[in-house]
Amino acid sequence: MAKKQRESSTRSEYRRNGKRKKTKAQKIILAILIPIMAILLIVAIFAAKLFAEAQSAVEDSYHSIERESEINVDPIEDTVSVLIMGVDDTESRNLGSARTDALIYLTIDPNNHEINMVSIPRDTYTEIINDGDLYRRNKINSAYEVGQEKAVIETVENLLNVPIHYYATFNFDSFLEIIDALGGIEMDVPVTISEQNSDGQMGKIHLEEGYQTLNGEQALALARTRKIDNDVKRGERQQLIIQAIVKKALSMGSIPKLSAAIEAVGSNMRTDLRFTEMLNIAQSGLEGSYTFNSHIFEWTDFTFNGASMVELYPDSVEYISHKLRVALDLEAADERDAEGYEFTSNRIAEYAY
């Protein structure tokens with residue numbers, strides 16, 4: 001009887017100890033899982049909120065324009081082209097009309113993960129095309145006054161002999177707000193400069209030479225200044241700033257800041273890119289980092305009717321057009337695409353004498 005009581009007592013103690021140990025193990029597992037599940041839930045909620053904000057922002061900024069031919073490309077499979085326009089009319093400046101202060105044409109290849117970029121100087125003298133017809137010859141930045149995005153697209157397509165699949169127009173408010181929302185961008189300032197701010201107040205922005213983090217106002221001053229070089233170099237700086245924005249936006253540390261950046265874009269952008277098309281382009285970026293190829297025109301300047309103009313050497317335009325058309329699979333590669341090839345213009349001008 002005593003033996004049975006001891007055995008019963010032992011089994012009872014074993015069950016109590018086992019239950020106690022099991023409960024302790026469960027508590028440890030729950031202590032680990034609950035925070036993880038909470039973090040995943042927060043991330044999921046944030047992602048959903050960010051997705052909804054992005055979709056709403058893009059839908060609000062969508063603006064279709066009439067095209068002579070239908071655009072039929074797949075951003076997942078095909079190389080697409082985008083014309084980025086920066087306009088110099090904001091609510092604070094209230095100029096009453098707008099010209100493009102920045103024009104950047106780029107191709108995005110999702111297969112080879114390459115982006116080709118070229119800046120078109122705002123004072124480029126060229127044929128302004130509107131509704132398929134020659135409107136006049138003037139600085140390319142005046143095309144926006146003539147027919148807004150449609151005239152600019154037709155003018156650039158005529159100049160470069162390339163198609164423009166999509167466009168995105170930004171004003172300076174978005175430029176400032178996007179960079180500030182991302183916490184600034186890292187840039188190498190070539191020389192010390194003093195420039196006006198976005199309201200046109202002279203000397204309000206002072207930048208020291210060297211690598212540093214720039215806020216929106218400082219980046220805008222660096223992008224717009226003409227005191228340190230010329231209009232073409234200015235385009236180069238704008239390309240570098242765009243690359244810096246893309247790099248910062250894709251960095252993990254910027255993810256919590258994207259919501260404010262998206263809000264800034266949505267209120268200050270006009271585009272004919274649908275949200276799904278933007279997602280397709282972004283998806284290719286997640287599969288591997290992009291290589292940027294920047295192209296620079298060779299040029300000269302001249303005066304016409306008292307105004308300073310930039311003339312892009314015709315053979316330089318033809319060469320860069322070729323590079324862009326090859327990227328778009330519209331033209332076969334040739335000796336100009338061989339590794340180590342360097343283009344040199346013959347410097348024969350059409351307008352400048």
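No value in this document is a laboratory result; all are computed from the given coordinates. Everything quoted here is computed from the prediction, not taken from an experiment. Counting neighbours? That spans all protein chains shown, and the Cβs are built from the backbone with ideal geometry, glycine included.
Sort 190-196, 175-181, 335-341 by packing, meaning the average of other beta carbons within 10 Å per residue, with the highest value first.
175-181, 190-196, 335-341
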Given 0.36 nm per residue, what is the gain on full extension from ASP133 to THR213 after removing their alpha carbon distance, in nm?
24.3 nm
How much length would be gained if the chain were fully extended between VAL246 and SER69, taking 0.36 nm per residue of separation minus their Cα-Cα distance, in nm to one decimal?
60.6 nm
Two-site FRET efficiency, PHE51 against VAL191, from Cβ-Cβ distance with R₀ of 51 Å, rounded to 0.05
0.75
